[in-house]
Amino acid sequence: MSAASAPVLECREVYKSFGPRAAALLGVSLEVPSGSLSALVGPDGAGKSTLIRLACGLLRAERGSVRVLGFDAAVAAQCIQDRVSYMPQKFGLYEDLTVRENLDLYADLHGVSQAQRAQRYPELLHMTDLQRFEQRLAGRLSGGMKQKLGLACTLVRPPELLLLDEPTVGVDPLSRRELWQIVHDLVREQGLTVLISTAYLDEAERADRVIVLQAGRVLAEGTPAAVTQLAAGRTFRLTPSGRESARTLQARLLGSQAVIDAVPDAGGVRCVCAAQHGDGIPGGVPVEPRFEDGFMVMLRRTQSQSAHADIALAHPPPQANGALIEVRDLVKRFGAFTAVDRVSFSVARGEIFGLLGPNGAGKTTTFRMLCGLLTPSGGVLRVGGIDVARAGDAARGQLGYVAQKFSLYGPLSARENLEFFASAYGLRGATRRARIEWAIHQFELTHASGPAGDLPGGFKQRLAMAAALLHEPRILFLDEPTSGADPLARRAFWRRITALADQGVTVVVTTHFMQEAEYCDRIVIMDAGRVLAQGTPAQVRACAPREGEFEPSMEDAFVAVVERSRAGEARAAARTA
Amino acid sequence: MLSSLMRILALVRKELLAVLKDRRTRLSLLVPVLVQTMVFGYAASYDLNRVPYVLWSQDQGAAATALIARFDGTGIFRRIDTVVRERDMRAALDDRRALLAIGIPADFSRRLAAGRHADVQLIADGRNSNTAGTALGYAQAVIGAFNSHWRATHGEGRAPAHLSVRAWYNPNLLTRWEMIPGLIGTLTLLQTLLLTAMSVAREREQGTFDQLLVTPIRPVEIMAGKALPAMLIGLVQASGVLLVAQLWFHIPFEGSFAVLYGGIVVFVLAAVGIGLVVSALSYTMQQAMLYSFVLLMPFTLLSGLTTPIANMPRVLQYFTLINPLRYAIDIAQRVYLEGAGMRLLLPDLWPLALIGAVTLTAASWLFRHRLQ
């Protein structure tokens, strides 16, 4: 271990860009002290990955200095790489090798001796709880387990500094908690220095220190509490009165100049005021600020809310009685494996319906069946009164679909993509032109020139939404629509979604952000192919044990429900064994 | 019906935009075809332009000198050495300096002058049987000419039977004349098969295929939307080869362009059908690429481009019946050199149309049923 006094990583005025139009870092200075757990927080495109890659000598800074463990990254990259372990966002696991073989491979690459392995492997496998899966193919592991295996492979040789680039992205809350616990233990028990990047703001609170990065600049550096403190005295909770829903209350608050941020929270609305209001917001009860509140205060100093977040449909979907989506005893089997096991729910017109669950829970499979991309093995599935799998093109014309990954045509421009999808949905002539203009204006795509594949993440996300709404569908399917988006973009996204739902569009959405479940009218939580909990967010939250005076969060509820079900399963398995 | 057509049109436009907008893919569509045509035009030839030989002569007489002069006068036979010992002759063949050794015994001129038979020895390097055979053939022709001339000038009269040889369609039996028209099919198959095989796999990999499937577009329309642009690109590529053949190699074109293009269209339809089946079966671009190459190798080897189909074992000859390239090469060569019309080409056209119909039907069925 290096001397405790000197920082392990030190950046001074670092600049880095990829081409004239793609500046990644604009004068970043920061320090990572020895033995600390530091979090690099910021939305996609903030420069987190660039910074981490500079720190392990994979990139060279244009200006400024990067010093790691006393070495200059510009000249002694190899010395740094011998002492630092780095886990990139997409870790190179070999899916056709077993857990053990992957470990062996990385041990071979790092020249770890057999004696060291004998001592190191049990530690790593115990730490990641993968002992039982030593002989399983890496490709057969769940997303969370893959990340843990990646971490184990990264740590196969004890490093002096551990760099983790968004290890929790796309991982369910349960696995995220486990990963953070592992990292915590590494810092506390082994005195390791860790720099971890994340787009989840709630994770930042678990670090000793945070570095907030936004558009290539350091917005703040210090303890998470210091960032949270920025919102001190400005955070309130409001409960909707009368017939007003939490969503309309939120929309009303966001429209006010005095409000920086408002999010639905446990049946009410949490909001952050622009400045310290002596009397606060009318009807607002002061609450403890959170990290995200402080972050929003900082962000709103540099960015303003999207102006076009409200959306108006020319032809709102017609009124409909009864359930628009009906799922009864839905089953999907892949060979001997049952991915979806007798799932039932229904969604009414104009509802926002959330599908939540850990990776491999079967929510994507359910989702794909709803869209007609998979045929069910059994059960009833009716969307808009028709059987999607068997229905013709007319039925599909009523659906809009936004995939998790950007899945429009990369070489085509934004406009060309819209033109294609407009024709695909049978729009013609003046209607087609009008709808394309509407989409470009509504989703602020006027300046989106060049191939769509090269657009920044936020643009891509808006373009995907625009393409899905061109034909004014009655039902909108959204698969993880906000993963990787920055908080402002996420809020704009949800404003559009709630506006659409208010006009009668039915929305089915899957999400990993548990807070976002609060935007939904009703949710289901799935695990191992079955529905564990179902109802309004308040009903689901009530499943979690209440601790103290605070309402349990959606994430607490999620973890409680999944853990309870898994424990029950383990007991059942023990009884039959 | 109209809406279906509009959707197909939108797909075709999207497909062409995706291919043609990028400068690199645009170049990769034409440049390799042109380069390969040039390379094949020059490199793939069985004609021997230069036969290095070593002369092992023990005879200084007039007849021997006249014979050697005939060899040297062809411009093809190049004497690299004249040796007197057998060991030196052997060495020249061993280290590949000479392809052929001509041995003239000491009594050659004397025996001929006496009106008797004389022997000339030809030794060829058989390590490449093809070249050796061709070189020996050339040498025999030279010696044959020498014989007739000798008989005529020494009052022995002409040989009783005289061979009068004509090669129809390709009078000088130039390999290039048959090779380059053959390339129209070969290179077009290579490119269109890869292009279509990758196109659906790419969409699957990038998630755009799902996005297509949730729109009102039907699987059959997706297939048509994939097949038409690929056929168009295939036709442009075939025209590229054709242009090189016409403008650079000046290979005489006997037939009609309409007939040739008619044949190419049917062939490209079959090629695209095979590409789409490969595409529907593969989940990743890597798989699509691998399957395509696994197919391309036997297609080329069993096409008759380089080795005559009639010489293949019977089982393989049956296999060539489902090889679209076999028919395409036949069509191109016959239209080019023989000037064949549609009627003569029917035996080639209907199997191609059948292959196209079967593969396209299979592909559209697979698109739908690969949904699980």
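Any read-out appearing in this document is the output of simple, stated calculations on the displayed coordinates, not a laboratory observation. Remember, predicted model here, so these are calculated numbers, not experimental data. All Cβ positions, glycine included, derive from the backbone under ideal geometry; neighbour counts span all protein chains shown.
What to note about this one:
- Taking only the C-alpha atoms of the range A:230-302, the Rg (one decimal) and the largest Cα-Cα distance, Dmax (whole number), read 11.3, 36 Å.
- Summed side-chain charge close to A:I475 - residues other than A:I475 whose Cβ falls under 13 Å, Lys, Arg +1, Asp, Glu -1: +1
- Rounded tilt (10° steps) of B:175-206 against the dominant C-alpha axis of chain B: 30 degrees
- Between B:A161 and B:E254, the FRET efficiency estimated from the beta carbon spacing at R0 = 25 angstrom works out to 0.20.
- Calculated FRET efficiency for the pair B:D94/A:A572, C-beta based, R₀ 60 Å, to 0.05: 0.15
- Couplings 3J(HN,Hα) for the range A:311-328, derived from phi with the Karplus relation 6.51 cos²θ - 1.76 cosθ + 1.60 (θ = phi - 60°), are 10, 10, 8, 6, 10, x, x, x, 4, 8, 9, x, 6, 7, 10, 10, 10, 10 Hz, where x marks Gly and Pro.
- Scaled radius of gyration (Cα, divided by 2.2 N^0.38 Å) that the protein assembly as shown gives: 1.26
- The value of relative contact order for chain A, using C-alpha pairs under 8 Å at least six residues apart, is 13 percent.
- The Rg/Rh ratio of chain B, with Rg taken over Cα atoms and Rh as the Kirkwood radius over Cα pairs, comes to 1.15.
- Equivalent ellipsoid semi-axes, the range B:110-162, via Cα gyration tensor eigenvalues times 5, rooted, Å: 27, 14, 7
- Gyration tensor (Cα) of the range A:410-472, equivalent ellipsoid semi-axes in angstrom: 19, 11, 10
- With the cut-off at under 19 Å, measuring from each backbone N in the range A:45-74 to a point 7 Å along the Cα-to-Cβ line of A:A6 picks out A:55-57, A:65-74.
- Acute angle (nearest 10 degrees) that the helix B:285-301 long axis makes with the longest principal axis of chain B, alpha-carbon atoms: 40 degrees
- Between the C-alpha center of the range B:295-372 and that of the range B:206-278 there is a gap of 15 Å.
- Label sites at B:L346 and A:F334, each approximated as a point 7 angstrom past Cα along Cα to Cβ, lie 5.2 nm apart.
- Over the residues of the protein assembly as shown, the helix contribution to mean residue ellipticity at 222 nm works out to -14500 deg cm²/dmol, using -39500 (n - 2.57) for each DSSP H run of at least 4.
- Rounded to 5, percent antiparallel among DSSP beta bridges of chain B: 25 percent
- Cα gyration tensor category, rounded, prolate or oblate, for the range A:19-87 with a/c compared to 1.5: oblate
- Of all beta bridges that DSSP places with both ends in chain A, some 60 percent have antiparallel geometry.
- The convex hull of the Cα atoms of the range B:51-153, projected and averaged over all directions, covers 6.0 nm².
- Proximal lysine pairs, the protein assembly as shown, alpha carbons under 12 Å, eight or more residues apart or interchain: 5
- Loop sites in the range A:111-175: GluC sites (Glu not before Pro), DSSP, at most 14 other Cβ within 10 Å: A:E134
- The range A:327-473 - convex hull of alpha carbons, volume per residue in Å³: 134 Å³
- Peptides A:111-120, B:48-57 ordered by average Cβ neighbours within 10 Å, highest first: B:48-57, A:111-120
- On Cα atoms only, tilt of B:129-153 relative to the major axis of chain B in degrees: 40 degrees
- Other-chain or far-sequence residues with amide H under 5 Å of A:T98's (modelled H): A:A138
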